[in-house]
1. Out of all the residues in segment 62-85, which are open to solvent by less than 40 Å² (accessible area, probe 1.4 Å), free of Cβ contacts under 8 Å to residues at least 40 places away in the same chain and in a helix (DSSP H, G or I)?
2. Which residues, counting only those in segment 171-184, are more than 15 Å from ligand 1 (Cβ to nearest atom) and more than 13 Å from the chain's Cα centre (by Cα)?
3. Look at I59 and say whether it is under 16 Å from the mean Cα position of the chain (by Cα) and among the β-branched types (V, I, T).
4. If the Cβ limit is 6 Å and pairs must be 6+ apart or interchain, which residue in segment 122-144 that is under 15 Å from V66 (Cβ atoms) and within 14 Å of ligand 1 (Cβ to nearest atom) pairs with which residue that is β-branched (V, I, T) and not in a strand (DSSP E or B)?
5. For segment 198-218, how many residues meet the condition of being surrounded by 15 or more Cβ atoms within 10 Å (Cβ to Cβ) and not in a loop (DSSP other than H, G, I, E, B)?
6. Considering each of I125, I135, I105 in turn, give the residue that is within 16 Å of ligand 2 (Cβ to nearest atom), more than 22 Å from L46 (Cβ to Cβ) and either open to solvent by less than 30 Å² (accessible area, probe 1.4 Å) or among the polar types (S, T, N, Q) (or both).
7. When only residues in segment 44-56 that are part of a helix (DSSP H, G or I) and among the hydrophobic types (A, V, I, L, M, F, W, C) count, which is nearest to the chain's Cα centre (by Cα)?
8. Is one or more of the residues making up segment 110-117 over 18 Å from the mean Cα position of the chain (by Cα) and of a type in the set (S, T, Y)?
Amino acid sequence: MNTIKIAPSILSADFSHLADEIIKIDEAGADLVHIDVMDGHFVPNLTFGPPVVAAIRKITNLPFDVHLMVTNPQDLIVPFVKAGADIITIHAETAPHMHRLIQNIKECGKRAGISLNPSTPLAVIEEVLSDVDMILIMSVNPGFGGQKFIPNAINKIARLKTMIDERKLTVDIEVDGGINAATAQQVIAAGANILVAGSAVYGAPDIKQAIKSIRGID
Ligand code: DX5
Ligand code: ZN
């Protein structure tokens, strides 16, 4: 079985103390820092740009998992690589030339992910599955933290896992939205191995315990 990685989303952090909030998840056992980049166009919210990512790059050695919820991912790959991203995920809905953008990310020496909204079928990634490092299944409609998990994601993850195994590929399956200790166990059972959690981590009284519970170790 795959090792489970937990990627707390700093979207739910207290932005007035962002450095401390990142140190907290680092010390609490996070595996990645999930950074939600929103442009106010693809999704109805605005968050971080490359200067913020470059600033927080100095705070931790944890890998940066940059989730681009933007209409023009092609213009932002290099700026986020320069800012310190380790994984760059673009949305299939924003990328008619998905294969080219995956190659662009890999040419920068970074891991490439493709994300699918809840209503986007798995078929759109079939032809690039052997090129990507990760598929991110959205289990909420992107734009905000703290939303309710959409249960159809479980079946979608299971079908994706089958697609990957049938092709004998090693592609990470990340899931994002509404993940807590309960939904985590369902998506892990379906085949997900990287779990994003915002409100369930930053909203918890004990962050270390919250990460453990999501990981399923107690
Ligand atoms: C939603 C973002 C998520 C969000 C998850 O658009 O992509 O990463 O921060 O937040 P929770 O875990 O609270 O659903
Ligand atoms: Zn995200």
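The values are calculated or read from the model by the stated rules, or taken from the named source; none is laboratory data. Only a predicted model underlies this, so the values are computations on that prediction, with no experimental measurement involved. No Cβ is skipped: glycine too gets one built from the backbone with ideal geometry, and neighbour counts run over all protein chains shown. Keep in mind that these areas ignore ligands, DNA and RNA; they rest on the heavy atoms of the full protein, side chains included. Shrake-Rupley method; radii C 1.70, N 1.55, O 1.52, S 1.80 Å.
1. Result: P73, I77, V81, A83.
2. V171
3. No.
4. P142/V43
5. Counting residues in segment 198-218 that are surrounded by 15 or more Cβ atoms within 10 Å (Cβ to Cβ) and not in a loop (DSSP other than H, G, I, E, B) gives 12.
6. Testing whether each residue is within 16 Å of ligand 2 (Cβ to nearest atom), more than 22 Å from L46 (Cβ to Cβ) and either open to solvent by less than 30 Å² (accessible area, probe 1.4 Å) or among the polar types (S, T, N, Q) (or both) leaves just I135.
7. Only one residue fits best here, namely V53.
8. Taking every residue of segment 110-117 in turn, none turns out to be over 18 Å from the mean Cα position of the chain (by Cα) and of a type in the set (S, T, Y).
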